[in-house]
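Here the structure is laid out as structure tokens; the discussion comes afterwards.
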Amino acid sequence: MNFDFSDDQKQLRDQARKFLAEKCPPKAVRVVLDGNEPYDRALWKGFAEMGFLGVAIPEEYGGAGAGHLELCVIAEEVGRALAPVPFSSTVYLAAEALMLAGSDAQKQAWLPKIASGEAIGTLALFEGTGNPSPKAIKLEAVNGVLNGVKKPVADGAIADLIIVAARTASTGRDSDISLFLVDVKAGGIEAKALTNLDPTRGQAELTFTNCKAEPLGAAGEGWSIITEVLDRAAVLTAFEQVGGSDRALEMGRDYALDRIAFGRPIGSFQAVKHILADMYVSATLARSNCYYGAWALSTNAPELPEAAASARISATQAYQHCAKNNIQVHGGMGFTWEFDCHMYYRRANALALGLGSLSYWEDQLIDRMRKRNAA
């Protein structure tokens, strides 16, 4: 079985890398990191014009209809470039939830706007610290009206469309949770930006007060939909993490070849070689798991739950490892604001928590493997 990308997909990757190298150099990332803008609006417009936002959205809803393999390719390049845009919240979460559970009318209303860059979307799941769990959801929905608080919500302060997980019953079962679609323009939402580790990917606290919403998917099916959305997002985020891992490795390698100490490049010293070799091993292992996840996602294979958890775990570990050791290879300079190492370290740790912690996904993998083995 060949898990590698096709020639067309590799060409798409080259196009995306060229585009991001021109439109999203580190200086552009720093504008958002150091400034007051929540994201790079010009880059977001460019994403839409290049067709990146709608690459996995069917053509009948304004997308390119290419598929999830192509989206994985784009995600990796987004991770390499640290693109400061609401790509993951809009494409991995909101669009995937709509494609999985939305009615035709909901898809017609929102997917073309997402593909064109007109609408930014997100998923409001968490209600404070902790991992995804139906028991942690307290926000209530009564007769299509939402009341409660969600935080943190990725790109919540700039979203036009919010998919909200809400409690509709109190039986103690997963069926207590349902999903709702909220048009921010309808009102009833107060957004407060939160301070977080990576300001280039904003987080917000959303307060819903008598907020009118429409159901997304069948009543009581919210948690099963969320689980599937998180699995899909885990694979796509893992590709972002692999892209960042590879770039951190390249930065460390290039510095080790250029930095001269005791009359020779520091990359010639065995201790530095060991660090770089370990980075390469972790990044390559993560890529292998990501390719398996991409296959499972693109074919909707029954192995997707295990493949998604495996990709998420290995990519999270690899990115944190490579980002940390990139700083180590740079020595004291790696800790300075002027060098770009800290930007990858920030993103690595922010992505590690976005869909649930590493331990959460490790538990998910073990539980899923046990259930499959017992079947």
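The values are calculated or read from the model by the stated rules, or taken from the named source; none is laboratory data. The structure presented is a predicted model; accordingly, all values stated were derived computationally and were not measured. Cβ sites come from the backbone with ideal geometry, for glycine too, and all protein chains shown count toward neighbours. SASA here: full protein model, heavy atoms, side chains in, ligands and nucleic acids out. Shrake-Rupley method; radii C 1.70, N 1.55, O 1.52, S 1.80 Å.
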Problem - Most mobile listed residue (138, 324, 18) in the chain, GNM with C-alpha springs under 10 Å - result: 18
Exercise for the section: Would you please state the base-10 log of I(q)/I(0) at q = 0.14, 0.25, 0.27, 0.33 1/Å for the range 1-48, with intensities from the Debye formula using one equal scatterer on every alpha carbon? Expected result: -0.47, -0.91, -0.99, -1.18
Practice task
With viscosity set to 1.002 mPa s and temperature to 20 °C, compute the Stokes-Einstein D of the range 167-323, Rh being the Kirkwood radius across alpha carbon pairs; µm²/s, no decimals.
Solution key: 113
Completion exercise
Given GluC sites (Glu not before Pro), DSSP loops and at most 13 other Cβ atoms within 10 Å, the longest exposed-site-free stretch of the chain is 119-337
Practice task
Give me the distance in nm between label points sitting 7 Å out from Cα along the Cα-to-Cβ direction at residue 37 and residue 278, one decimal.
Solution key: 3.9
Fill in the blank from the handout: Expected field for residue 337, accessible surface area in Å² at 1.4 Å probe radius, rounded to 10, holds 110
Exercise for the section: Quick one: of 135/371; 138/371; 138/212, which pairs are farther than 19 Å apart, Cα to Cα? Expected result: 135/371; 138/371
Completion exercise
With Rg from the Cα atoms and Rh as the Kirkwood inverse mean 1/r over Cα pairs, the range 171-224 has an Rg/Rh of 1.08
Problem - Computed over the range 163-221: relative contact order in percent, which uses C-alpha pairs under 8 Å that are six or more apart - result: 39
Problem - Candidate lysines for bridging to residue 273, where Cα separation is under 17 Å - those fewer than 8 sequence places away on the same chain excluded - result: 324
Practice task
Pick out the long, greasy-scoring helices in the chain: whole DSSP H runs spanning 15 Å or more along their own axis by Cα, mean Kyte-Doolittle at least 0.5.
Solution key: 68-81
Problem - Computed [θ] at 222 nm, deg cm²/dmol, the chain (DSSP H ≥ 4; -39,500 (n - 2.57); rounded to nearest 500) - result: -17500 deg cm²/dmol
Practice task
Counting only C-alpha contacts under 8 Å and six or more residues apart, can you give the relative contact order of the range 141-272 as a whole percent?
Solution key: 25
Completion exercise
The percentage of the accessible area of the chain (probe 1.4 Å, all protein chains present) made up of carbon and sulfur atoms, to the nearest whole number, is 53
Fill in the blank from the handout: the range 320-359: Kirkwood hydrodynamic radius (Cα pairs, Å) comes out at 10.5
Exercise for the section: Can you send over the solvent-accessible area of residue 173, 1.4 Å probe, protein chains only, in Å² to the nearest 10? Expected result: 150
Fill in the blank from the handout: Quick tally, 1.4 Å probe accessible area for 285, 123, sorted with the most first, runs 285, 123
Exercise for the section: Arrange the residues 50, 99, 343 by how much accessible surface each exposes, largest first, with a 1.4 angstrom probe. Expected result: 50, 99, 343
Practice task
At 0.36 nm per residue, minus the direct Cα-Cα distance, what do residue 371 and residue 288 gain on full extension? Give it in nm, one decimal, please.
Solution key: 27.5 nm
Exercise for the section: Report the convex hull volume per residue for the range 70-139, counting only C-alpha atoms, in Å³. Expected result: 136
Completion exercise
Largest fluctuation, 258, 246, 183 only, Gaussian network model of the chain with Cα springs under 10 angstrom, belongs to 258
Handout entry: Two-site label geometry, residue 192 and residue 174: point separation in nm, points 7 Å out along Cα→Cβ
Key = 3.3
Practice task
With a 1.4 Å probe and all protein chains in place, put 276, 236 in order of accessible area, largest first.
Solution key: 276, 236
Completion exercise
Percent relative contact order for the chain, counting Cα pairs under 8 Å at least six residues apart, stands at 15
Exercise for the section: Work out, in µm²/s and without decimals, the Stokes-Einstein translational diffusion coefficient of the chain at 4 °C, 1.567 mPa s, Rh from Kirkwood over C-alpha pairs. Expected result: 61
Completion exercise
Counting all Cα-Cα pairs in the range 36-98, those more than 19 Å apart amount in percent to 25
